[in-house]
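Below is one structure, written out as structure tokens; the observations come after it.
Since every read-out is calculated from the coordinates, none of them should be taken as a lab result. Quick caveat: nothing in here was measured; it's all calculated off a predicted structure. Neighbour counts are summed over all protein chains in view; Cβ atoms, including those assigned to glycine, are modelled from backbone coordinates with ideal geometry.
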Amino acid sequence: MESRRLFRTVESPERLVHKVVDQFEKLITTGELAPSTRLPSEREFGEQLGVSRTVVREAVHILVAKGLLESRQGIGTIVREVTRDRVTEPLGWYLQSNGATTEHLHDVRSILELESVRLAAVQATPEEISNLRENLARMEARRDDVVQLVAGDEAFHRAVAATSHNPLMVVLLDSIRDLMQEVRLQVHRHPVVYATIVPDHRQIVDAIQARDSVAACQAMQQHLDHALLFQREFLATGAVAKADLFAPAAAK
């Protein structure tokens with residue numbers, strides 16, 4: 001009698017758990033499970049998925065650890081909203097513990113900002129260019145308010161990144177700029193900074209409006225070089241420890 005396989009390999013509980021986790025992640029990332037959605041009970045979910053309550057429980061634990069779900073007393077398990085802070089804060093701790101420097105941030109920022117401004121020069125809409133002009137005007141009106149000036153500076157670069165029409169540019173640029181919040185606030189107190197960055201920004205907008213991607217990149221590079229120079233001069237004064245630059249804002 002020819003030997004043949006009569007039984008299929010039964011999937012391990014661990015494999016089932018990962019399958020449930022994968023299904024949850026797809027539902028969350030596609031928006032089918034919206035933020036604040038309350039999940040059914042373990043028993044009900046297990047019946048829907050055709051798995052045991054133990055498998056559901058383990059999958060939920062993994063998703064909670066990943067930050068996609070959270071358990072609330074008296075409410076149950078709900079879908080968490082993915083926010084910018086949940087991305088940027090862990091990155092800040094990672095950089096702080098792995099010896100990142102302002103030079104490293106400058107390198108990464110240059111890659112992001114130069115590509116953002118190149119794309120902006122190619123595809124910026126009239127409304128987006130007008131928004132950049134308005135942002136520049138607000139910076140000029142806030143030259144005596146350091147906090148507002150810094151906010152305007154950040155908003156300007158974020159607007160350029162948004163004009164790239166690539167949402168990842170905005171998220172990645174946000175994570176890097178947040179790490180430099182303290183030094184940026186201190187550096188902007190120097191009177192020469194205002195007289196330098198505002199003309200830099202104006203050149204950037206002019207190049208974007210002219211649809212000149214080469215000039216836009218050159219203007220952005222000049223601005224980034226100025227920023228790095230100011231940061232180096234500020235750090236040389238010893239006004240703030242380098243390690244403090246990379247602490248997430250929530251920790252300060």
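In what order do 62, 111 fall by count of nearby beta-carbon atoms within 10 Å, going from fewest to most?
111, 62
What relative contact order, as a whole-number percentage, does region 13-79 give when Cα pairs under 8 Å and 6 or more residues apart are counted? It would help to have the intermediate numbers written out before the result.
On the way: 64 pairs, mean separation 26.8, N = 67.
This gives 40 percent for region 13-79.
Want the number for residue 75 to residue 98: 0.36 nm per residue separation, take away the alpha-carbon distance, what's left?
4.4 nm
Please compute the contact order of region 124-170 in relative form: average sequence separation of alpha-carbon pairs under 8 Å and at least six residues apart, divided by the residue count, as a percent.
Computed value for region 124-170: 38 percent relative contact order.
Taking the Cβ of residue 45 as the centre, find all other residues whose Cβ is under 14 Å away and add up their charges (Lys, Arg: +1; Asp, Glu: -1).
+1
Report Rg/Rh for region 13-79, rounded to two decimals, where Rg is the Cα radius of gyration and Rh the Kirkwood radius.
Rounded to two decimals, Rg/Rh equals 0.93.
Quick one: 29, 196, fewest Cβ neighbours within 10 Å first, how do they rank?
29, 196
Hey, can you rank 41-51, 129-139 by average C-beta count inside 10 Å, highest first?
Ranked from most to least packed, the peptides come out as 129-139, 41-51.
Take 69, 224 and order them by how many other Cβ atoms sit within 10 Å, fewest up front. Provide the component values of the computation, followed by the final result.
On the way: 69 21, 224 17.
Listed from fewest to most nearby Cβ atoms, that is 224, 69.
Short version: ³J(HN,Hα) in whole Hz for each residue of region 185-196, in order, from phi by Karplus 6.51 cos²θ - 1.76 cosθ + 1.60 (θ = phi - 60°), x for Gly and Pro, what are they?
My calculation for region 185-196 gives 5, 6, 4, 5, 6, 6, x, 5, 4, 4, 5, 9 Hz in order.
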